[in-house]
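One structure below.
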Amino acid sequence: MTIMKSANRYLWIGYTAARSNLAYGGEVIYRCSFLTIILYIFLRLWNVVYAATGSDRVGGLTLPQMVWYLVVTEAIYLSAPRVASEVDEDVRTGRLAVHLIRPLSYVGGHLSRAMGDRVVRFAINLTVGAVLAMILVGPIPISAAGIVMFFATLPAAFLLDFLGMFLIGLCAFWLESTSGLALLYTRTVMMFGGMFLPLAIYPAVLQPILKVLPFASMLSAPGVMFVNPSFLLLKESIVIQGAAVTVFLLVVAIVQFLAMRRLFSNGG
Amino acid sequence: MFRSFVDYLRLCAAYLRINMNAQLEYRGAFYSQVAAMFINDGAWVAFWLLFFNRFPVLHGWSLKDVMCLWAVTTAGFGIAYGVMGNAHRRLASAIAQGELDLWMLHPRAVLPHFLLGSTIPSAWGDAAFGFVIYFGFVKPSFQQALMFVVLSIVVAVVFVGFGVMTGSLSFYLGNASTLSDQWRDISITFATYPPTLFDGKVKLLLFTVIPAGFISYLPVESLRSVSIADLLIAIAGALGVLAAGVGMFYFGLRRYESGNLISMRE
């Protein structure tokens, strides 16, 4: 009963965050227009590449599959909430003190809010991207099993990204500004996660290394799972995501413990 | 007129000194933002390195051409918003919230004071990146090197003019911050991809509504051809964008009404 009550609190925070996200129409339009531009530019790019190679497959994907892959990775990347800057602001303004006296886990509260934000943003991005992809390149073969496997990779992908950004935010206890670090983190995810280029296009010597890094689990794995699902890829993704989540959780717990030791409360 | 121009250059130098002193009070934050933006730009270049490693030519454009495009765009962006930080994402909200009142109390024209009022720390990372990539990777001839320095200032003029143009929308549409940011970000996005990807109608758009052509395509063509004629066209285009932006601002300023909001210099 206590566990259910506790879970209800976090679910309610997530639900509130999801609803408030829908109130900012301007931001939704901004993300959708940016997604449209990127998809158009990359469709032009891949049209040129496929025509130049004379092949109907590049990196194992056809042109429509490449565009749909990009829809999924962009939808995930652009749905990321501003966790690092929120944690940074909490530390810098002292708002952290207000959070800590609440009967809620600090990281749990942020996780609920972030997931509420992310689910709504991802749904909107994916819907808009899917409509654009249908117009630009048409549909690709999709099976019910493939859709289930695709959605199975998403929760851990979102959780991994959240933990990474939360860690960056906690660095505010030691650094004057975490904005640079947050920018580096997002670029690392973009480059090593295969946002624009599927990992199969990277140099062969890099591919095995990139596949075991957590970044590929955030973007490339869901992307490939959508356009070219396979049970083998699902098994690999679950193992890598599971290991990455465990390591990230441990690191977040240690860093948060060390960070809280630097926290001092002054009266007034 | 020449004396007036020199006076405004001295104003620019004074503001730059003040802004940099303010930023360097928090050196760690300043240098980390510069370094992070440098690495961020490097990530985009790494993407193109991977791309051209697999697909060596893109409609006549090679890796060197794309490096050149990124160098001139980032150098121009960095100079523009390093010197005139308020031209980036501030003008639209300042107009909507009545913050121009403070700047209108300064002597002489209000726009230079407002634009010079702050610096964007990360823009210096972009500027450094542009020059490092061009001189380190492209390895230009002496004429190309001179032309690059001139073109980076030309592109900076385009960025400032376009920033003023998009920000001035708030005079006519109310709080146009989001629209202004979107318009500017879309232009920058198009400017960082080779123009050979786009066909005739889109290219027309890229020299009018979305001035990506003036930001990167014309400057890169000037550097490829080392042609003074192309350079003069790029300069004319930049001055045209600046004139349009300044015109929109001062025409909109006639419609501006002061509010009762108390504001402070940040």
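Roughly how many whole Å is it from the C-alpha centroid of the stretch A:204-268 to that of the stretch A:59-84?
18 Å
Can you report the principal axis dimensions of the stretch B:2-253 using only the alpha carbons, biggest first, rounded to whole angstrom?
56, 44, 37
Over chain B, what is the relative contact order in percent, taking alpha-carbon pairs closer than 8 angstrom and at least six residues apart?
25 percent
As an exercise, take the mean of 1/r over every pair of distinct alpha carbons in the stretch B:1-105, invert it, and state the Kirkwood radius in angstroms.
Taking every pair of different Cα atoms in the stretch B:1-105, averaging 1/r and inverting gives 17.2 Å.
Loop-only check: which trypsin sites (Lys or Arg not before Pro) in the stretch A:159-268 are DSSP coil with at most 13 other Cβ within 10 angstrom?
A:R261, A:R262
State the volume of the convex hull built on the alpha-carbon positions of chain A, expressed per residue in Å³ and rounded to an integer.
Value for chain A: 154 Å³ per residue.
Please give the FRET efficiency for A:L249 paired with B:N53, using the beta carbon to beta carbon distance and R0 = 30 Å, rounded to the nearest 0.05.
Plugging the Cβ-Cβ distance into 1/(1 + (r/R0)^6) gives 0.25.
Direction-averaged shadow area of the convex hull around the Cα atoms of the stretch B:104-179, nm²?
With the hull built on Cα positions only, its mean projection is 7.2 nm².
Rounded to the nearest 500 deg cm²/dmol, what is the calculated helix-only ellipticity per residue at 222 nm for chain B, with -39500 (n - 2.57) per DSSP H run of length n ≥ 4?
For chain B, the value works out to -23000 deg cm²/dmol.
When only DSSP loop residues count, what chymotrypsin sites (Phe, Trp or Tyr not before Pro) in the stretch A:134-216 have their Cβ near at most 14 other Cβ atoms within 10 Å?
A:W174
What does the highest-first list of A:175-183, B:70-78 look like by mean Cβ count within 10 Å?
So the peptides A:175-183, B:70-78, ranked by packing, come out B:70-78, A:175-183.
Between the helical axis of A:106-136 and the dominant principal axis of chain A, each derived from Cα atoms, what acute angle in degrees is found, rounded to the nearest 10?
20 degrees
Sequence-distant or interchain residues sharing an amide H contact under 5 Å with B:W61, placed H: which?
Result for B:W61 returns nothing.
From the C-alpha gyration tensor of the stretch B:28-90, pull out the three semi-axes of the equivalent ellipsoid (sqrt of 5λ each), sorted largest to smallest, in whole Å.
Ellipsoid half-lengths, sorted descending, are 28, 15, 8 Å.
Between the helical axis of A:231-260 and the dominant principal axis of chain A, each derived from Cα atoms, what acute angle in degrees is found, rounded to the nearest 10?
That works out to roughly 20 degrees.
Can you compute 3J(HN,Hα) from phi for each residue in the stretch A:28-36, using the Karplus curve 6.51 cos²θ - 1.76 cosθ + 1.60 with θ = phi - 60°, rounded to whole Hz and x for Gly and Pro?
Values, residue by residue: 4, 4, 4, 5, 5, 5, 5, 4, 4 Hz.
Given that compact globular proteins tend to follow 2.2 N^0.38 Å, what is the ratio of the alpha-carbon Rg of the stretch A:28-124 to that value?
Expressed relative to 2.2 N^0.38 Å, the Cα Rg reads 1.57.
Can you compute the helix-only [θ] at 222 nm over chain A? Use -39500 (n - 2.57) per DSSP H run of at least 4 residues, normalise by all residues, nearest 500 deg cm²/dmol.
It comes out at -25000 deg cm²/dmol, rounded to the nearest 500.
Express the C-alpha Rg of the protein assembly as shown as a ratio against the empirical globular expectation 2.2 N^0.38 Å, rounded to two decimals.
Working it through for the protein assembly as shown, the quotient is 1.02.
Mind listing the phi-derived Karplus ³J(HN,Hα) values for the stretch A:212-218, rounded to whole Hz, using 6.51, -1.76 and 1.60 with θ = phi - 60°, and x for any glycine or proline?
Using θ = phi - 60°, the values come out as 8, 6, x, 5, 5, 5, 7 Hz.
Could you work out the mean count of beta carbons from other protein chains within 10 Å of each residue's beta carbon in A:18-29?
So the per-residue partner count for this stretch is 1.
Sort B:T166, A:T93, A:T2 so the one with the fewest other Cβ atoms within 10 Å of its own Cβ comes first.
A:T2, A:T93, B:T166
Report the per residue volume, in Å³, of the convex hull enclosing the C-alpha atoms of the stretch B:117-266.
Convex hull of Cα atoms, per residue: 130 Å³.
With angles folded into 0 to 90 degrees, how steeply does helix A:179-192 sit against the dominant principal axis of chain A? Use alpha carbons for both and round to 10.
In chain A, helix A:179-192 runs at an angle near 30 degrees to the longest axis.
Semi-axes of the equivalent ellipsoid for the stretch B:184-264, please: Cα gyration tensor eigenvalues, times 5, square-rooted, ordered largest first, whole Å.
Here the semi-axes work out to 32, 16, 11 Å.
Would you please give the FRET efficiency between A:A97 and B:A46, computed as 1/(1 + (r/R0)^6) with r the Cβ-Cβ distance and R0 = 35 Å, to the nearest 0.05?
That gives a FRET efficiency of 0.25.
Set the Förster distance to 51 Å, then compute FRET efficiency between B:A22 and A:I238 from the Cβ-Cβ distance, nearest 0.05.
0.50
Each value in this text was obtained by applying a stated rule to the coordinates, not by laboratory testing. Keep in mind it's a predicted model, so treat the numbers as computed, not measured. Positions of Cβ are backbone-derived with ideal geometry, glycine not excepted, and every protein chain shown enters the neighbour counts.
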